[in-house]
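Colleague: Quick one: the structure is below, and I'll ask about it shortly.
The values are calculated or read from the model by the stated rules, or taken from the named source; none is laboratory data. Being a predicted model, the structure only gives us computed values, none of them experimental. As a convention, Cβ positions derive from the backbone with ideal geometry for all residues, glycine included, and neighbour counts pool all protein chains shown. Accessible surface is based on the protein model in full, side chains and every heavy atom, while ligands, DNA and RNA are left aside. Shrake-Rupley method; radii C 1.70, N 1.55, O 1.52, S 1.80 Å.
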Amino acid sequence: MGVSRSAAFLTAGGMVEFALQFLLPVILVRQLDIDTFGLYRYLTLMLGTALALAPAFMPQALYYFLPRAGGRQLTVIGNAVAWLACMGLVVAFLVSPLSPLAGELSHALHRRTHGLAALYLGLSVLLTIVTTLAIAEGRILWHCSTELALALLRTALVALAAVLSHDIAWVVAALVLDATLRLAVLAAYFLTRPGGARLRCEPASLLAQLRYALPFAAGGSLFAMRAQVDGWIAASILPQHVFAAFTIGAVVLPVATLIRQPINSAMLSHLNRAFASGARAEVHALLLKGSGAATLLLAPLACALFLLAPEIVALVYTERYLAAVPVMRLYLLLVVLQSVAVGFAMPALDMGRLALRINLAGLALSVTLSLAGVHWFGLAGAALGSVAAFLLCELANARAVGKVLGRPWRAMFPLRLAGLVLGACVAGILLAEWCAPAFGAAPWHALGGKLGVYATAALALFAACGGLGELRRLRAPVGGPGGPMSPASASAGAASSTNTAC
């Protein structure tokens, strides 16, 4: 399956999964009391931290090792499964009452869920291999179909448990049941996999995989912790009801992951092959194609959510949580920036040590700015660090990747397309806000009216400024006429570095 079709399938599946993930808190906030909902949000915070640290980039390393493994693919996969199983046990121990690191909230969560929370977190670490294995082996349709079916089932199970019991123990039991079903699907994948399912673990090759993965794991963990640390700072400094509003503001962060990650996943195997063959021009073209597709999908959606943040919070989470609006809007700026990120390509270019240094500096900056922000600006200031750190780190990533590819850092971004999209979206936001008084104070009327004005204005301006030509160039094959590697597009890209206006 080609890059465009793969990315389209994965992106569509990601968007559906995000919608379902967005739906769950909407149900739970109405079915659980405030303290119980706070425990659930604490569970999700621990889950995010565990998934940021424990897998150690071993699932993503399959993109690198499987194309190079030859007849040893089952050993590569077996090594990853063995590592994730061990780390799942470690995580389950660390969040249990037996661990000296477990705090008061962890003990309360363990009591209320009868230990199921620790089991769920451990299984979640093991199941991270599901996010990459089928994609790395080219079974895109299997991945999309099973993930969609399981996401729908998980949403139904958790919602049913909350509605019928109003008890976090049954909610977490539904999550454990979902994880068990995912294990069964993983077993079915191996049984139907061409080449057999006899997994093997060899310590020597496991160490080789870890030597490759750990620099990226450290860098990726530091990157993920830049967002996680905002939550931990908010939880440790702000009152509980304010922290609840902060977590609601952060619900938009998966927008970037669930749209950008499928595009990255579809690109990584092609980037690895192109770089291994020395085709640096093709690597550059693929990066621009991925960033262009992400910009077209992410930027308009993030800008629409930015415009409608007050109405969304009021309608979905009730007006009690309107303090979440500034946090949500700050994080939506981060989502827009992620549409043109190039740091995901560094594993394919074997730049793990540099990625580690950049992300270490980014984490330090994020902690510093978030602590200062929450002191000076209150709730919204806690989100300031991750936004500023991401921007500076991506500029450093672009400079480093551009140096390897022999290109200036500006050439790492689809500047003309990004300028057209963002210019049209910002104009649409301004026009919608100007028209907002005409729609009245009712949230549903305001949401519909502002969205209609925004969409009409943004689409019209994008088309009028040459956006359709950019779409045709983006759809063209890499290296084909008008494609990212063609002479015409190279000239256009050079011109766009100095002029992004329509």
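Colleague: I need the peptides 101-111, 37-47 ranked by packing, meaning the mean over residues of other C-beta atoms within 10 angstrom, with the highest value on top.
Modeller: Packing proxy ranking, top to bottom: 37-47, 101-111.
Colleague: Considering only Val404, Leu354, Leu322, whose Cα is most displaced toward the positive end of the charge dipole of region 285-409, charges sitting on Cβ of Lys, Arg (+1) and Asp, Glu (-1)?
Modeller: Val404
Colleague: Please report the relative contact order for region 309-410, taking Cα pairs under 8 Å with a sequence separation of at least 6, and give it as a percent rounded to a whole number.
Modeller: 26
Colleague: While we're on this one: How would you classify region 270-364 from its alpha-carbon gyration tensor, with a ≥ b ≥ c the square roots of the eigenvalues: rounded for a/c under 1.5, else prolate if a/b is greater than b/c, otherwise oblate?
Modeller: In terms of gyration-tensor shape, oblate.
Colleague: Sorting Arg472, Arg260 by accessible area (1.4 Å probe), largest first, what list results?
Modeller: Per-residue accessible area, sorted high to low, gives Arg472, Arg260.
Colleague: Here's another thing I want to ask about it. For the chain, what does the accessible surface come to per residue with a 1.4 Å probe? Please give it in Å².
Modeller: 43
Colleague: What nm distance separates the two modelled labels at Leu164 and Leu89, each placed 7 Å from Cα along Cα→Cβ?
Modeller: 3.4
Colleague: Assuming a ≥ b ≥ c are the square roots of the Cα gyration tensor eigenvalues, decide whether region 74-165 counts as rounded (a/c under 1.5), prolate (otherwise, with a/b larger than b/c) or oblate.
Modeller: Since a/c reaches 1.5 but b/c is at least a/b, the shape of region 74-165 is classed as oblate.
Colleague: Where a ≥ b ≥ c are the square roots of the eigenvalues of the C-alpha gyration tensor, would you call the chain rounded, which needs a/c under 1.5, or, failing that, prolate if a/b is larger than b/c, or oblate?
Modeller: oblate
Colleague: Next up: So if each residue of separation counts as 0.36 nm, and I subtract the Cα-Cα distance between Glu202 and Leu152, what length gain in nm does that give?
Modeller: 14.3 nm
Colleague: I would also like to ask the following. Run the accessible area of region 57-107 with a 1.4 Å probe and give the carbon-and-sulfur part as a rounded percent.
Modeller: Roughly 70 percent of what the probe reaches on region 57-107 is carbon or sulfur.
Colleague: Something else: If I compute solvent accessible area with a 1.4 Å probe over the protein chains, what percent of it on region 349-485 is carbon and sulfur?
Modeller: Here carbon and sulfur together make up 71 percent of the probe-accessible area.
Colleague: For the chain, what is the mean residue ellipticity at 222 nm derived from helices alone (per DSSP H run of n ≥ 4: -39500 (n - 2.57); sum divided by total residues; nearest 500 deg cm²/dmol)?
Modeller: Helix-only estimate at 222 nm: -26000 deg cm²/dmol.
Colleague: A further question on this structure: Read phi for every residue in region 112-129 and hand back ³J(HN,Hα) as whole Hz from Karplus 6.51 cos²θ - 1.76 cosθ + 1.60, θ = phi - 60°, with x for Gly and Pro.
Modeller: Computed from phi, the couplings for region 112-129 are 5, 9, 6, x, 5, 4, 5, 4, 5, 5, x, 5, 4, 5, 4, 7, 5, 5 Hz.
Colleague: Shifting gears a bit: Just to confirm a number: summing +1 for Lys and Arg and -1 for Asp and Glu over residues other than Ala218 whose beta-carbon lies under 11 angstrom from that of Ala218, what do you get?
Modeller: Here the charged neighbours net out to +2.
Colleague: Past the 25 angstrom mark, what percentage of all C-alpha to C-alpha distances in region 132-241 do you count?
Modeller: Within region 132-241, distances greater than 25 Å cover 54 percent of Cα pairs.
Colleague: Here's another thing I want to ask about it. Determine the dipole magnitude for the chain: charges of +1 sit on the beta-carbon of Lys and Arg, -1 on that of Asp and Glu, nothing else is charged, the reference point is the Cα centre, and the result goes in debye to the nearest 20.
Modeller: That gives the chain a dipole magnitude of about 1400 debye.
Colleague: How high is the FRET efficiency from His114 to Val185, r the C-beta distance, R0 25 Å, rounded to 0.05?
Modeller: In this case the efficiency is close to 0.45.
Colleague: Over the chain, what relative contact order in percent results from Cα pairs under 8 Å that are six or more residues apart?
Modeller: 16
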